[in-house]
Amino acid sequence: MTDLIRLDLVDLGLAVGLMAIAIGLSAWEKLGLELNLAIVTGRTILQLLVLGYVLDFIFALDNPWAVLAILAIILTITAIVARNRISQKIPSVLPLVWGAILISTALTVLYTNFLIIQPDRWYEPRYIIPLAGIILGNAMNAAAISGERLVSTINAQPLEIETHLSLGATPQQAVSQYRKEAIRAAFLPTLNQMMLIGMVAIPGITTGQLLAGIRPLDAISYEILIIFMVAIANLLTTILVTKGLMRQFFNFADQLVR
């Protein structure tokens, strides 16, 4: 493989030029997106530069506590974002989502780390941080979609749920169909991605590895691993989130709380 072609400040400046062209096109077509494009361009640069320096520091530090600390920060941020998309009116949503994402991510990463990759050290930053980061980002979206779907459906169907309860159904039975639909809705993007991956376009992760000089078959091997990690983590996250949220709508007497 050839050596990696590194991008210097001039190259990155030219990359920013792509967004300048996008802003110009927006102005030309009078789309009104100029300010938003300028803001997201600045935020993208700032956030990724900060991430780069933080990861560079963590990699150089090579300390398990530092690795766990950065993962805990990412986990908390993803849980807050997912909570905001689900509901801010239910006080226990944040710890519920935080715990669900933690469990699904930890189980998936531990399985992968100890049974598949098997690095010399379990906390090897170059492996555990990228893998956990990918899982956390996808689990956040899965939690948000399933949680929001379940909450909105229960709020929209109180009479139907109460009818089931009056006929002797348990809370789990009364909202079982809504919960299944919420899980399916959240998991459908993952299924669609798996159905079309490698057929329509080269996946982003594989593209990044190819640009970094990794052999195509090695890059594809990791892509297969990552997509399977995302699938199980997303499914487990939606199951845990919907199960926990369902319980928030019923009191100790199994009555629906509006």
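Computed values, structure above
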{"quantity": "Ile232 vs. criteria in a helix (DSSP H, G or I) and in contact with a strand residue (DSSP E or B) (Cβ under 8 Å, 6 or more places away or on another chain)", "calculated": "no"}
{"quantity": "Residue selected from the stretch 83-117 under the condition touching an Asp or Glu at 6+ places or on another chain (Cβ under 9 Å) and under 17 Å from Thr238 (Cα atoms), by the criterion surrounded by the most Cβ atoms within 10 Å (Cβ to Cβ)", "calculated": "Ile86"}
{"quantity": "Selection status of Lys243, of a type in the set (Lys, Arg), touching a residue at least 24 places away in the same chain (Cβ under 8 Å) and in a helix (DSSP H, G or I)", "calculated": "yes"}
{"quantity": "Residue list for the stretch 154-188, filter: closer than 30 Å to Ile227 by Cβ and exposed (fewer than 15 other Cβ atoms within 10 Å of the Cβ)", "calculated": "Ser176, Gln177, Lys180, Arg184, Leu188"}
{"quantity": "Verdict on Val50 being loosely packed, with under 10 Cβ neighbours inside 10 Å and not assigned by TED's automatic domain parsing to the domain that holds Arg215", "calculated": "no"}
{"quantity": "The listed residue being among the small types (Gly, Ala, Ser), outside any helix (DSSP H, G or I) and in the same structural domain as Leu96 (by TED's automatic domain parsing), out of Gly208, Gly198", "calculated": "Gly198"}
{"quantity": "Filter pass, Ile161 being under 21 Å from Ile232 (Cα atoms) and touching a Phe, Trp or Tyr at 6+ places or on another chain (Cβ under 9 Å)", "calculated": "no"}
{"quantity": "Residue within the stretch 214-225 that is hydroxyl-bearing (Ser, Thr, Tyr), touching a residue at least 60 places away in the same chain (Cβ under 8 Å) and out of contact with any strand residue (DSSP E or B) (no Cβ under 6 Å at 6 or more places or on another chain) present", "calculated": "no"}
{"quantity": "Residue in the stretch 42-57 that is free of Cβ contacts under 8 Å to residues at least 60 places away in the same chain and assigned to a loop (DSSP other than H, G, I, E, B) present", "calculated": "no"}
{"quantity": "Residue that is at pLDDT below 90 and more than 15 Å from the chain's Cα centre (by Cα), where the choices are Gln173, Gln193, Gln177, Gln255", "calculated": "Gln255"}
{"quantity": "Only listed residue being in a helix (DSSP H, G or I), assigned by TED's automatic domain parsing to the domain that holds Val109 and loosely packed, with under 12 Cβ neighbours inside 10 Å, chosen from Ile39, Ile73, Ile21, Ile77", "calculated": "Ile73"}
{"quantity": "Residue check for Tyr123: under 30 Å from Ala60 (Cβ atoms), within 18 Å of the chain's Cα centre (by Cα), assigned by TED's automatic domain parsing to the domain that holds Val81 and not charged (D, E, K, R)", "calculated": "no"}
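The values are calculated or read from the model by the stated rules, or taken from the named source; none is laboratory data. Bear in mind that the values here come from a model prediction, so they are computed numbers and not experimental data. Cβ: placed from backbone, ideal geometry, glycine included. Neighbour counts: every protein chain shown.
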